1. Using beta carbons and a limit of 6 Å, which pairs, at least six apart or on different chains, have the first residue in the range 351-377 and farther than 17 Å from Asp288 by Cβ and the second one hydrophobic (A, V, I, L, M, F, W, C) and assigned to a helix (DSSP H, G or I)?
2. Kindly check whether there is at least one residue in the range 302-309 that is crowded, with 19+ Cβ neighbours inside 10 Å, part of a loop (DSSP other than H, G, I, E, B) and either on the phi < 0 side of the Ramachandran plot or not hydroxyl-bearing (Ser, Thr, Tyr) (or both).
3. Just name the residue that is modelled with the lowest pLDDT out of those in the range 249-268 that are of a type in the set (A, V, I, L, M) and open to solvent by 10 Å² or more (accessible area, probe 1.4 Å).
4. In the range 327-347, which residues are in contact with a Gly (Cβ under 9 Å, 6 or more places away or on another chain) and either closer than 17 Å to Lys298 by Cβ or open to solvent by 30 Å² or more (accessible area, probe 1.4 Å) (or both)?
5. Check off (1) outside any loop (DSSP other than H, G, I, E, B); (2) under 19 Å from the mean Cα position of the chain (by Cα); (3) farther than 30 Å from Pro67 by Cβ; (4) β-branched (Val, Ile, Thr) for Ile282 and give me the number that stays unchecked.
6. Which of the residues that make up the range 206-230 are part of a loop (DSSP other than H, G, I, E, B) and either open to solvent by less than 20 Å² (accessible area, probe 1.4 Å) or charged (D, E, K, R) (or both)?
7. Here are some conditions: (1) open to solvent by less than 10 Å² (accessible area, probe 1.4 Å); (2) touching a helix residue (DSSP H, G or I) at 6+ places or on another chain (Cβ under 8 Å). Ala182 meets all but one. Which one does it not meet?
8. Can you name every residue in the range 192-205 that is open to solvent by less than 60 Å² (accessible area, probe 1.4 Å) and part of a loop (DSSP other than H, G, I, E, B)?
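The values are calculated or read from the model by the stated rules, or taken from the named source; none is laboratory data. What you see is a predicted model, and the numbers here were worked out from it, not measured in a lab. Here Cβ is always computed from backbone atoms with ideal geometry, including for glycine, and neighbour counts include all displayed protein chains. Quick note on the areas: whole protein, heavy atoms, side chains included, nothing else; ligands and nucleic acids left out. Shrake-Rupley method; radii C 1.70, N 1.55, O 1.52, S 1.80 Å.
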Amino acid sequence: MLEPPIMKLKRFELERMQSENEHQVEFNLSESGVEPLKIRELLDTPEWREQLLNIQLGYSQTNGTVPLRKAISHYYPGTTADHIMATNGGAEANFIISWWLFQEFPDKRDFVFMVPNYMQIGGIWRNMGIDVKNFNLRMAEGKWAPDIEQLKSIVTKKTGAIAICNPNNPTGAIISASDLKAIADIAEDNDAWLVADEIYRGAELQPEKAPSIHGIYEKTLITSSLSKAYGLPGLRIGWAVCPNEQVAKELWTYSDYTTISPSTASDWMATLALDPKVQAKIEARTRDVIQNNWGIMKKWLDSHPDVFEYVAPEAAAICFIKQKTDMTSYDFVVRLMKEKSVLISPGEHFEVPGYLRIGFGTEPKHLEPALARISELLDEIG
């Protein structure tokens, strides 16, 4: 009897390129968040610092402490701590949800994935052997927007889940409330789950927050974390918001097989960061960074109109740029890294060749010389 073929896990190319190179280059513009906070900036009173030093480093509650989950639930009206599954970063939340959907609904194994996107969820499903169907954000009339008619044409009663990212990585686009409702209606008509990565919500350029899918459709799972809008990626605290307590308990079962529990110190600091008064200060800082740095980024982009075409991001410290050199985006990124010691991300890693993702959330004293290095390469390749 022949053994079934062993499927080799396909590498997550975006993360691998960043991991191998972000600490080797002089200028890293591949990061999609804002300049991270330091612990002393978060814990800005002697009392808080003393509390941190007195934390006993045992295991935390494995699904997140009640104070942490209660703090998260505050931002999702109608939920309680029992609707929340705390995880090690948004990546674990995405993973256990993807695994849960695959394992628990074997009769609905068609999955639909928004592109461009942070490619983790689609990659997980493909590595599980699923033939994932893409539906696209398309750039038209100066805006990225989901192709609702395309989505209608590919979602069926066999569709297990639709995965979206709003605000979107890598475009920085905000999906409108009407388009979110249309996506939710398509999911509901076909009894499919809707998975919404909302990690950039709170990092908008304008004062108004991006609309959330929360409360629009019952079979929705939201993932987020402190990594992007909060500038606290090193805490590795994320979460899944579930429609009921039973789903949260089921996801907890899956996390028992992954990382067991969040860090005790991170759980405590995350609870502090999510306090409404502290959260408001962090969010204001994030918006200031994005607004100020976008001015630098826009001025630089506009100085190269023959090479770049772009739609201004509505949220997040990232811009997705169509490049018009004679090189592929991947080759351009590799040459930039090797010759100018600047790291950005190629569109090929988002299944959109011909584009570049440049992060502008770093300090201006870092951003401006990095952009100047890119200009140098553009001048050299003519």
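1. From residues that are farther than 17 Å from Asp288 by Cβ, the pairs are Leu371/Trp300; Leu377/Leu336.
2. There is no residue in the range 302-309 that is crowded, with 19+ Cβ neighbours inside 10 Å, part of a loop (DSSP other than H, G, I, E, B) and either on the phi < 0 side of the Ramachandran plot or not hydroxyl-bearing (Ser, Thr, Tyr) (or both).
3. In this case the residue turns out to be Ile260.
4. Thr328, Tyr330, Ile344
5. (3)
6. Glu208, Lys209, Ala210, Ile213, Glu218, Lys219, Leu226, Ser227, Lys228, Ala229
7. Ala182 satisfies every listed condition except (1).
8. Within the range 192-205, Ala192, Glu198, Ile199, Tyr200, Gly202, Ala203, Leu205 qualify.
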